[in-house]
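Quick notes on the structure that follows.
The values are calculated or read from the model by the stated rules, or taken from the named source; none is laboratory data. The structure presented is a predicted model; accordingly, all values stated were derived computationally and were not measured. Every residue, glycine as well, gets a Cβ built from its backbone with ideal geometry; the counts of neighbours run over all protein chains shown. Just so you know, the surface numbers come from the protein's heavy atoms only, side chains and all, with ligands and any DNA or RNA stripped out. Shrake-Rupley method; radii C 1.70, N 1.55, O 1.52, S 1.80 Å.
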Amino acid sequence: MRIMFVGDSMTIGSAGDYTWRYRMWEHLNRTFGRRYAIVGPRSELYDPRADAPVSQDYADPGFPPAARRHLAGWGEGWLHMAPLIEEAVRAHRADTLLVSLGLIDLGFYTGAEDTVANARRFLAGARAANPRVRAVLLPVIPNVRAESDALFAAEVERFNELLAKAVADLDSPTSPLLLASRPAGYRLHRDTYDGTHPGPSGEHLIAAAFADAMYQAWDVGDRYTPADRTGRRPR
């Protein structure tokens, strides 16, 4: 299994974060029981001081460089990843994509219909590189903006409906697609540090959504049962 994490700022993380990618790596090490690789063209965290993805300051310095790989970017969404995914899958021989995208698209770039069109382009590109690629897609978790912006909240809801339809339309036995459940019990004012980006408890909940979907549908690993789902975001 060659896993590629694909996402926006919630996935790349910023300097000082563990990231949900780290939580997923820990989970697979505990439960998968077979060899696997985490692949991708990038490994950095976003550095707010440099306003660029140039940091390797993960909260756990023991997070191995090979496990830090990803295709995620601060401010990047389906719009940006759709043109990149075919080459990334081909170059890194990815066969499993764990994808969390859409919030930045809906917030700044495209409405629900255009965003899901880019998601479909993304999946077509991944399959062009590997016709047997499989993917787990996470619905958009509304951020704090949705609490005061009804139009934005409606776009998020509409996109999630369209994403579910796209997954149902495009799923196939040779290239299976899963729509993960929204992280159970996720609360913006508890599980994020700024109303958008996950703190440690949010990282666990996002990792759990992916891990549980993979276990239930594909018998990968086990249910997500970390020793500690809570804690402060280290600095």
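Tabulated data
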item	result
Where trypsin sites (Lys or Arg not before Pro) fall in DSSP loop in the range 112-153, at most 12 other Cβ within 10 Å	R132
Tail weight of P(r) past 31 Å, computed on alpha-carbon pairs of the chain, percent	14 percent
Principal axis dimensions, largest first and in whole angstrom, of the range 10-103 by Cα	38, 31, 22
Per principal axis, descending, Cα span of the range 21-62 in whole Å	39, 21, 13
Net charge over other residues, Cβ less than 11 angstrom from the Cβ of L188 (K, R count +1; D, E count -1)	0
Estimated dipole of the range 26-154 in Debye, rounded to 20 [Cβ of Lys and Arg +1, of Asp and Glu -1, Cα centre]	840 debye
Accessible area per residue in Å² at 1.4 Å probe, computed on the chain	44 Å²
Farthest positive-ward along the chain dipole, Cα basis, beta-carbon charges - from M4, A168, F32	F32
Convex hull volume of the range 29-153 per residue (C-alpha atoms, cubic angstrom)	141 Å³
The range 100-193 - Rg over Rh from alpha carbon coordinates, Kirkwood radius	1.00
Restricting the range 1-92 to trypsin sites (Lys or Arg not before Pro) in coil, as DSSP defines it, with at most 16 other Cβ within 10 Å	R34, R35, R49
Sulfur and carbon atoms: percent of accessible area, the range 132-222 [1.4 Å]	50 percent
Cα-based Kirkwood hydrodynamic radius, the range 53-116, one decimal, Å	13.7 Å
The chain: DSSP helices with Cα axial extent of at least 24 Å and average Kyte-Doolittle hydropathy no lower than -1.0	112-129, 150-170, 200-218
Local electrostatic count, G111, Cβ distance below 11 Å [Lys/Arg +1, Asp/Glu -1]	-3
Size of charge dipole - the chain - debye, nearest 20, with Cβ of Lys, Arg +1 and Asp, Glu -1, no other charges	800 debye
Residue among L177, V144, P200 farthest towards the positive dipole end of the range 94-235, charges placed on Cβ	P200
